[in-house]
1. Of these, 326, 354, 306, which one is among the aliphatic types (A, V, I, L, M), crowded, with 24+ Cβ neighbours inside 10 Å, out of contact with any Asp or Glu (no Cβ under 7 Å at 6 or more places or on another chain) and not in a helix (DSSP H, G or I)?
2. Given the conditions (1) at pLDDT below 95; (2) crowded, with 20+ Cβ neighbours inside 10 Å; (3) more than 22 Å from residue 322 (Cβ to Cβ); (4) not basic (Lys, Arg), which single one is not true for residue 251?
3. Just give me the residues in region 357-391 being of a type in the set (Phe, Trp, Tyr) and either crowded, with 24+ Cβ neighbours inside 10 Å or in a loop (DSSP other than H, G, I, E, B) (or both), in sequence order.
4. For region 178-193, enumerate the residues that are at pLDDT below 95 and in contact with a Leu (Cβ under 8 Å, 6 or more places away or on another chain).
5. Only one of (1) in contact with a helix residue (DSSP H, G or I) (Cβ under 6 Å, 6 or more places away or on another chain); (2) over 30 Å from residue 49 (Cβ atoms) fails for residue 263. Which number is that?
6. Does residue 273 count as surrounded by fewer than 20 Cβ atoms within 10 Å (Cβ to Cβ), of a type outside the set (Ser, Thr, Tyr) and modelled with pLDDT under 95?
7. So residue 291 fits all but one of (1) in contact (Cβ under 8 Å) with a residue 60 or more places away in the chain; (2) assigned to a helix (DSSP H, G or I); (3) buried (at least 24 other Cβ atoms within 10 Å of the Cβ); what number is the exception?
8. If you scan region 196-220, which residues turn out to be outside any loop (DSSP other than H, G, I, E, B) and either at pLDDT 95 or above or buried (at least 21 other Cβ atoms within 10 Å of the Cβ) (or both)?
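The values are calculated or read from the model by the stated rules, or taken from the named source; none is laboratory data. The structure displayed is predicted, hence computed values, not measured ones. For neighbour counting, all protein chains shown are included, and Cβ atoms are generated from backbone atoms with ideal geometry for every residue, glycine included.
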Amino acid sequence: MKVFLNTVGLLCALGDSTDTIRENLFAGHSPGMRTTDAFSPGRALTLGTVGTDLPSLDDQPLPLRGRNNALLAQAFAQIEAGYRQLAQGIAPERIAVILGTSTSSISQTEHALPYKAEHGAWPDDYHYAHHELGTPATFIAHLSGARGPAYAISTACSSSARALATGARMLRAGMVDLVIAGGADSLCHFTVAGFSALESVSAERCNPFSANRHGINIGEGAALFVMSRDPGPVALSGWGESSDAHHISAPEPSGRGAREAVCQALQRAGLDAAQLDYINCHGTATPLNDAMESRVFGELCPQVPASSTKALTGHTLGAAGAVEAALCWLTLTDAQHRLPPNLWDGQADSELPALNLVAIGGHATRPVRNVLSTSFAFGGNNAALVLSRHD
């Protein structure tokens, strides 16, 4: 039984609509990648920001407000018409909402804490639910009218890739008839400080797969899909998940668990690695991740065009799996067969297997039919998705 990604809503540093994002993606142009100390006072860092004005949530219940949910509101607005059409005749109890996040709206708490320290009480516009991990799913269920299972997955950088895999399993099992799946994370001091403490962030734009790579750029964004058994332009044809539990923050060096997740996804899709037309790598531009991923794909499919899009979006953490799946969705539906480029300095790491990294302006040599997206998280939590064009 096939599961389809019928429509997509997306905003990130590349833009706030799928049309804008599509053109910026293939041009290698990201207006939201900017250098600022707004989340790291006294230390300017390059971050992937959403600069557009987001919807006001003042008309929503207080617990459902916050920047994370404002990002989701804009993404939902992009898919609402398609969702309403597909939801016709389906009982609300048969519609699920499954999202990935790592921060929820913890930035609201960051703003509220100094007020409480000064005044001895929380500000009137604050509610503790702002930073509860399940709140984004509750919010989208509230907007959409879905009354089926609604919850969030928080497994760091694999969160929203796992949300998509979970939605596919629920549809295939007949538990629900429609799923809104995706993820969102917003910039906040907490995550920027945390990754800085790990010495994982780069002040300059990140440099994936370069010999000169030295860290990530944190980003924000949201992506939502309407998933169903009804045919759509793109199928989620395979997924794989594994946990190698090698280290709390470093990947297992050989890529054993990552490879297992990739092979599971390919097996479910009925594909060999060589049949892929493009790979969206996790590609964080950290020394350890890029080395591990180069070994995996250097062995499995070194000739398949590949790139990391994190120099264009920043690392959107819990939203990354869904954001990058959305970029793959745009790639599969692009009439010109364009491929997302790998923005870097061109200085390959001679100690690693060479990958076929896509340059700006790169096109596939054949119609793009099958793409792979990978997400490798803290604790060795690995997820891989295969998306396929459906004609």
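1. 306
2. Residue 251 satisfies every listed condition except (3).
3. 376
4. Answer for region 178-193, where residues must be at pLDDT below 95 and in contact with a Leu (Cβ under 8 Å, 6 or more places away or on another chain): 191, 192.
5. (1) is the only condition that residue 263 fails.
6. No; evaluated as a whole, the condition is false for this residue.
7. For residue 291, the failing item is (3).
8. Within region 196-220, 201, 210, 216, 218, 219 meet the criteria.
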